[in-house]
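Notes to accompany the following structure.
The values are calculated or read from the model by the stated rules, or taken from the named source; none is laboratory data. Treat the numbers as computed from the prediction; the structure is a model and nothing was measured. Positions of Cβ are generated from backbone atoms using ideal geometry, with glycine treated the same way; all protein chains shown enter the neighbour counts.
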Amino acid sequence: MRRSMLFLPGNNPNMLINGNCLGSDAIIFDLEDAVSPAEKDAARILVRNTMRYMDFRGCEIIVRINSIDTAYWQKDIDEIMPYKPGLVLLPKTGSAADALEADRYMTEVEQKLGLPQNTVGLMPLIETAMGVENAFAIASSTKRVKALFLGAEDLTADLQCKRTKEGREIEYARTRLVVAARAAGVDVYDTPFTDVNDDEGIVTDAQLAKALGFTGKASISPRHVEVINAVFSPTQKEVDYAYEVMDAIELAKSQGKGAIALHGKMIDAPIVTRAQQTIAMAQALGMERGV
Amino acid sequence: MEIVKLATAGTMESSDAYVEIEPAASLDIQLESVVQEQFGDEICRVVREVLEEGGVSGANVRVVDRGALECVIRARVETAILRGKGDA
């Protein structure tokens, strides 16, 4: 379960070591934009040691490596792969070829380490116009791809438009990525809301992302984590309805009926699928059926 | 390969450690730490271990510890060694 993902700068020990105390489902150790070129070596070693020695139980580790057009990305993979992060976030993925290049090298390193292929997943970061246009090809390029991730800051720079809180300039990219990811059968994560002091703006932005079909949302501030978790968690009402749907389906089966209505609405396959997803998430969150 | 030049790693920020390393004929470790009294010996042991792992037998090493965990101290010493060898 990844409702929230929190970026932590890869060369800041104070933030890295406290990463699992900040409430997010996943933390992203950032070796890319948060680290200056002169400190890439130091951050890589620090992140590797943090993963090696620290116990982040209950919080998935994701590492944003440097992009494949730099001299750093293979060294990043060499250092982190032995400690099996949940996902590698690959910046500036513009084509299926980019994802396949990362996949090829990750497979090579897994073989050297004696790890099964695809032990570590890949999450392409889509943050260029080319990446958006190639989103489905990227998402379906290799089994290693587990999710797409939208990066709006670089994307709006590439689109030559201004990044706004309302986000109209990224509407197309958001919906395009959701459709591409779902068509490929992978998850999809929304870009961070970057005004850390706008407590209302993050709620609106997270609700929009949820409504569009995103699996979860990233954050650059611990202050946003609680809101994101709340928005991407089912409400008690939704959980109770999901159980009612499953009860209704069981009843229909026992009565030999092919179709059944609940509260005047026909229950069909997509509603059952959604109910199953809601119950699975509720169980993961320890939520019980209400009375 | 031994240390061939002065190099530094880390910062003076909380939970971090700042490490300076320079070429020398033998090994000398100087430590400043907010927990020197309680953990000074243990920190020096960790620094010495990382130096050995890095094949460094001669160097002057200065460590300013700002309450760093062992994994952070190890990372900063390793980085300083790499930079001091000119490998970074």
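Structure values in brief
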| read-out | value |
| --- | --- |
| In the stretch A:5-56, residue nearest to the chain's Cα centre (by Cα) [restricted to those that are more than 9 Å from chain B (Cβ to nearest Cβ) and among the aromatic types (F, W, Y)] | A:F7 |
| Failed item, numbered, when A:I80 is tested on (1) within 14 Å of chain B (Cβ to nearest Cβ); (2) surrounded by fewer than 21 Cβ atoms within 10 Å (Cβ to Cβ) | (2) |
| Qualifying position, being touching a strand residue (DSSP E or B) at 6+ places or on another chain (Cβ under 7 Å) and modelled with pLDDT of 95 or more, among A:L159, A:L115, A:L89, A:L155 | A:L89 |
| Which numbered condition A:R274 misses (of (1) in contact (Cβ under 8 Å) with a residue 24 or more places away in the chain; (2) surrounded by fewer than 18 Cβ atoms within 10 Å (Cβ to Cβ); (3) under 21 Å from the mean Cα position of the chain (by Cα); (4) assigned by TED's automatic domain parsing to the domain that holds A:K92) | (4) |
| Residue match in the stretch A:58-74 (condition: in contact (Cβ under 8 Å) with a residue 24 or more places away in the chain, in contact with a strand residue (DSSP E or B) (Cβ under 8 Å, 6 or more places away or on another chain), buried (at least 23 other Cβ atoms within 10 Å of the Cβ) and within 14 Å of another protein chain (Cβ to nearest Cβ)) | no |
| Only one of B:V72, B:V63, B:V56, B:V50 that is over 20 Å from A:P13 (Cα atoms) and either modelled with pLDDT of 95 or more or out of contact with any Asp or Glu (no Cβ under 6 Å at 6 or more places or on another chain) (or both) | B:V56 |
| Hits in the stretch A:227-251 (condition: of a type outside the set (A, V, I, L, M) and farther than 16 Å from A:E288 by Cα) | A:N229, A:F232, A:E250 |
| A:I126, sole failed condition from (1) surrounded by fewer than 23 Cβ atoms within 10 Å (Cβ to Cβ); (2) more than 29 Å from A:R57 (Cβ to Cβ) | (1) |
| Any hit, the stretch A:27-45, residues being in contact (Cβ under 8 Å) with a residue 60 or more places away in the chain and not basic (K, R) | yes |
| Residue in the stretch A:56-72 that is touching a Ser or Thr at 6+ places or on another chain (Cβ under 7 Å), closer than 30 Å to A:A129 by Cβ and not β-branched (V, I, T) present | no |
| Index of the failed condition, A:F29 passing every other in (1) touching a strand residue (DSSP E or B) at 6+ places or on another chain (Cβ under 7 Å); (2) assigned to a loop (DSSP other than H, G, I, E, B) | (2) |
| Unmet criterion (only one of (1) within 19 Å of A:R48 (Cα to Cα); (2) within 11 Å of chain A (Cβ to nearest Cβ); (3) of a type in the set (G, A, S)) for B:G54 | (2) |
| Those residues of the stretch A:17-45 which are within 14 Å of B:I73 (Cα to Cα) and touching a Ser or Thr at 6+ places or on another chain (Cβ under 8 Å), in sequence order | A:I17, A:A42, A:I45 |
| Top-ranked residue of the stretch B:32-70 - restricted to ones that are touching a residue at least 40 places away in the same chain (Cβ under 8 Å), out of contact with any Ser or Thr (no Cβ under 8 Å at 6 or more places or on another chain) and surrounded by 18 or more Cβ atoms within 10 Å (Cβ to Cβ), ranked as farthest from B:Y18 (Cα to Cα) | B:V56 |
| Yes/no for A:I228 being at pLDDT 90 or above, touching a strand residue (DSSP E or B) at 6+ places or on another chain (Cβ under 6 Å) and crowded, with 18+ Cβ neighbours inside 10 Å | yes |
| Matching option when the condition is in contact (Cβ under 8 Å) with a residue 24 or more places away in the chain, outside any loop (DSSP other than H, G, I, E, B) and away from chain A (no Cβ under 14 Å), among B:I21, B:I81, B:I29, B:I73 | B:I29 |
| Subset of the stretch A:182-209 that is of a type in the set (D, E) and more than 18 Å from the chain's Cα centre (by Cα) - its residue that is surrounded by the most Cβ atoms within 10 Å (Cβ to Cβ) | A:D198 |
| Tally of residues being part of a strand (DSSP E or B) and among the β-branched types (V, I, T) across the stretch B:44-70 | 3 |
